[in-house]
Amino acid sequence: MPAIEAAGYAIVLTVHDEVITEAINHASYNASELSRLLAIVPAWMQGLPLAAAGFEADRYRKD
């Protein structure tokens, strides 16, 4: 979560394994980039298979 905040995404809510964010409406802020940031494995967790997926929406909904 610190990495996505540092990248400019504002965390609005977390629910279990979900992170809901807000960002400016710009092509560099997108679900693919946010998923990439969320799937970075920290050094102390090397070997953990970590993945993330997401979508963009104007309001909260379940995928």
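At 1.4 Å probe size, with every protein chain present, just tell me what the per residue accessible area of the chain comes to in Å².
Numbers: 5080 Å² over 63 residues.
Result: 81 Å² per residue.
Considering the chain as a Gaussian network with a 10 Å cut-off on Cα pairs, which listed residue, Ala52, Ala39, Ala27, attains the greatest mean-square fluctuation?
Ala27
Along Cα→Cβ, 7 Å out, is where each label goes; now give me the distance between the ones at Ala57 and Val12 in nm to one decimal.
In this crude spin-label approximation the distance works out to 1.1 nm.
Please report the base-10 log of the normalised intensity I(q)/I(0) for the chain, using a Debye sum with one equal scatterer per alpha carbon and no solvent, at each q in 0.27 (1/Å).
Result of the Debye calculation: -1.39.
Keeping the other protein chains in place, figure out the carbon and sulfur percent of the accessible area of region 1-44, with a 1.4 Å probe. Can you show the working numbers first?
Numbers: 1820 of 3140 Å².
Of the solvent-accessible surface of region 1-44, carbon and sulfur hold 58 percent.
Mind listing which trypsin sites (Lys or Arg not before Pro) in the chain are in a DSSP loop and have 12 or fewer other Cβ atoms within 10 Å?
Arg59, Arg61, Lys62
In sequence order, what are the phi-derived ³J(HN,Hα) couplings for region 55-61 according to the Karplus relation 6.51 cos²θ - 1.76 cosθ + 1.60 with θ = phi - 60°, rounded to whole Hz, with x for glycine and proline?
Once θ is set to phi - 60°, the couplings for region 55-61 become 8, 10, 8, 7, 8, 5, 7 Hz.
How about region 1-57: which GluC sites (Glu not before Pro) there lie in a loop by DSSP and see at most 16 other Cβ atoms within 10 Å? Present the calculation step by step, with values, prior to reporting the outcome.
Numbers: sites: Glu5, Glu18, Glu22, Glu33, Glu56; in loops: Glu56.
In loop regions of region 1-57 (DSSP not H, G, I, E or B), the sparsely surrounded GluC sites (Glu not before Pro) are Glu56.
Given H placed on each backbone N at 1.01 Å, which residues far from Thr21 in sequence or on other chains put an amide H within less than 5 Å of it?
Amide H to amide H, under 5 Å and 5 or more residues apart or across chains, Thr21 pairs with Val12.
The values are calculated or read from the model by the stated rules, or taken from the named source; none is laboratory data. In this text, all values refer to a predicted model and were calculated from it rather than measured experimentally. For neighbour counting, all protein chains shown are included, and Cβ atoms are generated from backbone atoms with ideal geometry for every residue, glycine included. In case anyone asks, the SASA skips ligands and DNA or RNA and just uses the protein heavy atoms, side chains included. Shrake-Rupley method; radii C 1.70, N 1.55, O 1.52, S 1.80 Å.
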